[in-house]
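Structure record follows, encoded as structure tokens.
Derivation of every value follows stated rules applied to the coordinates shown; laboratory data play no part. Just so it is clear, the structure is predicted and the values come from calculations on it, not from any experiment. Note that we place each Cβ from the backbone using ideal geometry, even for glycine, and neighbour counts take in every protein chain shown.
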Amino acid sequence: MFPQLITRINNILDKFGKIKDNASSELLRIRRELASTAGSISRSLSTILRSAQAEGYIDKDVTPTMRDGRLVIPVAPGLKRKIKGIIHDESSTGKTVFIEPAEVVEANNRIRELEGEERREIIRILTDFSAVIRPQVPAILQSYEFLAEIDFIRAKAHFSIQTNAIKPSLEDKQILDWTMAIHPLLQLSLAKHNKKSCPTRYRTESESTYPYYIRTECRR
């Protein structure tokens, strides 16, 4: 019903609702630089780690971690002077400090700048799309209500097929005939166990005082 809007949405969002890299040329550039810069930081930290591990400053199983959006290296407090850089945090036990090596400070700064650029570009993309979609909001809401009604009708039809329901016969009298009534939810529940619910006409006299009681086993 809205092919142009659907095409535009597909150009912006992926199936998980995330903004696609190619939603704009600027966003694509930003994300490529982000990936490149992050890769450069990872390679630098790996080199620093191998060197520190070879010197015995860091355990062999230590890996870079993230603190406040910056890649850092966990180091024992007594060895923190062995690696030049900025101490960003320490563990709750005080047995580990997290150092950002001096070699990657500028690259980490660039990552933060690019993340800000990415947020602003995403806001611009969504703002522009909102301006396109706004004039069609009434038609979209009308379509939404129509689809909801159709879905409701289909659900009723599907449920009636499941329960072998029939359309009630309307009479010009004040009377309700429940003699063959079966609770539909009870019917479906029992069907899963290969059992059948009992129509109300098979209720015993003692059960007749409970108008909504339906036996799970029929007795004649």
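For the reader, a short list of remarks on this structure follows.
- Among the strands (runs of 3 or more DSSP E) confined to region 49-139, the ones with at least 1 residues that are over 23 Å from LEU13 (Cα atoms), aliphatic (A, V, I, L, M) and in contact with a helix residue (DSSP H, G or I) (Cβ under 7 Å, 6 or more places away or on another chain) are located at 70-75, 85-90, 97-101.
Here's the yes/no breakdown for (1) surrounded by 11 or more Cβ atoms within 10 Å (Cβ to Cβ); (2) assigned to a helix (DSSP H, G or I); (3) out of contact with any Lys or Arg (no Cβ under 8 Å at 6 or more places or on another chain); (4) of a type in the set (A, V, I, L, M):
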| site | (1), (2), (3), (4) |
| --- | --- |
| ALA148 | no, yes, yes, yes |
| ILE153 | no, yes, yes, yes |
| ASN164 | no, no, yes, no |
| LYS167 | no, no, yes, no |
| LEU170 | no, no, yes, yes |
| LYS173 | no, no, yes, no |
| MET180 | no, no, no, yes |
| GLN187 | yes, yes, no, no |
| HIS193 | no, no, yes, no |
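- Across region 1-43, the qualifying residues are those that are in contact with an Asp or Glu (Cβ under 7 Å, 6 or more places away or on another chain) and loosely packed, with under 15 Cβ neighbours inside 10 Å, and the one among them that is farthest from LEU79 (Cα to Cα) is GLU26.
- Across region 86-118, the number of residues qualifying as more than 32 Å from the chain's Cα centre (by Cα) and more than 21 Å from SER44 (Cβ to Cβ) comes to 4.
- The selection criterion, being small (Gly, Ala, Ser) and loosely packed, with under 12 Cβ neighbours inside 10 Å, does not hold for ALA76.
- Residues located in region 77-118, provided they are in contact (Cβ under 8 Å) with a residue 40 or more places away in the chain and not acidic (Asp, Glu): PRO101, VAL104, ALA107, ASN108, ARG110, ILE111, ARG112, LEU114
- Identity of the residue in region 44-73, basic (Lys, Arg) and over 20 Å from GLU113 (Cα atoms), that ends up surrounded by the most Cβ atoms within 10 Å (Cβ to Cβ): ARG50
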